[in-house]
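Taking it in order: structure first as structure tokens, then the write-up.
The values are calculated or read from the model by the stated rules, or taken from the named source; none is laboratory data. The shown structure was predicted, so the numbers you read here are calculated from the model rather than taken from an experiment. Cβ atoms come from the backbone with ideal geometry, glycine included; neighbour counts cover every protein chain shown. Keep in mind that these areas ignore ligands, DNA and RNA; they rest on the heavy atoms of the full protein, side chains included. Shrake-Rupley method; radii C 1.70, N 1.55, O 1.52, S 1.80 Å.
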Amino acid sequence: MWVDVITLFPQMVESIAAYGVTGRAIEKDLLTLKTWNPRDFTTDNYQSVDDRPYGGGPGMVMQVEPLRRCIRAVREQAVPHVKVIYLSPQGKRLDQTLLRQRAGGEGFVLVAGRYEGIDERFVELEIDEEWSIGDYVLSGGELAAMVVIDAIARLQPGALGHGESAQQDSFMDGLLDYPHYTRPDEIDGLAVPQVLLSGDHARINRWRHQQALGRTAIRRPDLLSNRGMTEHERALLEEFMRVHDKQGRFQICGHLMTEEDNHE
Ligand code: 9D3
């Protein structure tokens, strides 16, 4: 998979090549990242890429011409009809379904905006899709592009190590994660749930599945209604909620669930 990114801050986007999963995906050629700076496609002495908005108001707008010359160069080395995605607060909200669709293809182009955004005529002429990463205000599209690239890199076959990929398409799919613990087995009176020390992997899997269901039901009921539940999961969740009720508080972190509360 290749990703071309049009940005005024190429080094910011390229920094992901130095770290973790994204770094290894690029090293292994599972992902090819290339940045293009509209400033390199200016013709005036000041290398200007922005101008004042028609109609007045605060801030600046990215001009069409540098962007157009830049995307022309991108298209010359890309496949015909490559999809060009503009990262903007007005876009469709990014989710894992949208990312999975895009991760299946050969590659795509991301356009990161700065200032108040880009001239709408560039959007009309060159942009196929507009994506937002969520309802909060960023200072530009670069961090959004980095979010997209990180999530896409993880979806490339071979990008994750054995340990990392284990969870990928398990029964937990579409649920929030269960709580995790490591040594030591007690900190400030907080014990690791007994079941995790039992060595009984059937019981451990059941407990984790139940925790994932319970946390999702409480924290993100929207995810659970969209996903649905099997009959087995309904029973697990019902038991989780019973334990909850008995404790008389929203205690979903396993550390206060005692062995007898957590009967099977
Ligand atoms: C505060 C300025 N705004 C109102 C006048 C509009 C505005 C312009 C440009 C708000 C943010 C930005 C820069 N944001 C992005 O380029 C961006 C973004 C975001 O801010 N939130 C979520 N997803 C994205 S994707 C690109």
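Return yes or no: is V137 touching a residue at least 24 places away in the same chain (Cβ under 8 Å), within 16 Å of the ligand (Cβ to nearest atom) and exposed (fewer than 10 other Cβ atoms within 10 Å of the Cβ)? For V137, the condition - touching a residue at least 24 places away in the same chain (Cβ under 8 Å), within 16 Å of the ligand (Cβ to nearest atom) and exposed (fewer than 10 other Cβ atoms within 10 Å of the Cβ) - is met.
Yes/no matrix, rows are residues, columns are (1) closer than 24 Å to T97 by Cβ; (2) in contact with a strand residue (DSSP E or B) (Cβ under 6 Å, 6 or more places away or on another chain); (3) open to solvent by 70 Å² or more (accessible area, probe 1.4 Å):
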residue: T182; (1), (2), (3): no, no, yes
residue: V195; (1), (2), (3): no, no, no
residue: I204; (1), (2), (3): no, no, no
residue: W207; (1), (2), (3): no, no, no
residue: A212; (1), (2), (3): yes, no, no
residue: R219; (1), (2), (3): yes, no, yes
residue: R227; (1), (2), (3): yes, no, yes
residue: E238; (1), (2), (3): no, no, yes
residue: H244; (1), (2), (3): no, no, no
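How about segment 9-28: which of its residues are open to solvent by less than 40 Å² (accessible area, probe 1.4 Å) and closer than 15 Å to G140 by Cα? Listed by number, the residues that qualify are P10, V13.
Every condition in (1) more than 13 Å from the ligand (Cβ to nearest atom); (2) modelled with pLDDT of 95 or more; (3) open to solvent by 70 Å² or more (accessible area, probe 1.4 Å) is met by A166 except one, and the failing one is (2). Does E65 satisfy the criteria of being away from the ligand (no atom under 16 Å from the Cβ), of a type in the set (D, E), modelled with pLDDT of 95 or more and touching a helix residue (DSSP H, G or I) at 6+ places or on another chain (Cβ under 9 Å)? So E65 fits the description; yes. Residue-level analysis places A217 outside the set of residues that are in contact with a helix residue (DSSP H, G or I) (Cβ under 7 Å, 6 or more places away or on another chain), in a helix (DSSP H, G or I), away from the ligand (no atom under 16 Å from the Cβ) and closer than 29 Å to G107 by Cβ. A Cβ distance below 8 Å, combined with a sequence gap of six or more or placement on separate chains, defines the contacts here; from segment 51-63, residues that are among the charged types (D, E, K, R) reach residues that are surrounded by 15 or more Cβ atoms within 10 Å (Cβ to Cβ) in the pairs D51/M60; D51/V61; D51/Q63; R52/M60; R52/V61. For segment 80-115, what are the residues that are over 24 Å from R39 (Cα atoms) and of a type in the set (V, I, T)? Matches in segment 80-115: T97 only. Go through the residues of segment 93-104 one by one and say whether even a single one is farther than 24 Å from G158 by Cα, touching a residue at least 24 places away in the same chain (Cβ under 8 Å) and assigned by TED's automatic domain parsing to the domain that holds I149. Yes, that holds for at least one residue. Name the residues in segment 28-60 that are in a loop (DSSP other than H, G, I, E, B) and closer than 29 Å to W2 by Cα, would you? K28, D29, L30, L31, N37, T42, T43, Q47, S48, V49, listed by residue number.
For segment 111-134, the set of residues classified as part of a helix (DSSP H, G or I), away from the ligand (no atom under 13 Å from the Cβ) and either open to solvent by less than 70 Å² (accessible area, probe 1.4 Å) or within 19 Å of E76 (Cα to Cα) (or both) consists of F122, L125, E126, listed by residue number. Here G248 fulfils each of the conditions (1) closer than 17 Å to D177 by Cβ; (2) at pLDDT below 95 apart from (1).
Results for (1) under 21 Å from S139 (Cβ atoms); (2) modelled with pLDDT under 95; (3) open to solvent by 10 Å² or more (accessible area, probe 1.4 Å); (4) within 16 Å of the ligand (Cβ to nearest atom), shown as yes or no for each residue.
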position	(1), (2), (3), (4)
R75	no, no, yes, no
I85	yes, no, no, yes
G91	yes, no, yes, yes
D95	no, no, yes, yes
L98	no, no, yes, yes
E106	no, no, yes, no
V109	no, no, no, yes
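Check D150, D177, D173 and return the single one that is closer than 16 Å to T32 by Cα and open to solvent by 30 Å² or more (accessible area, probe 1.4 Å). On inspection, the qualifying residue turns out to be D150.
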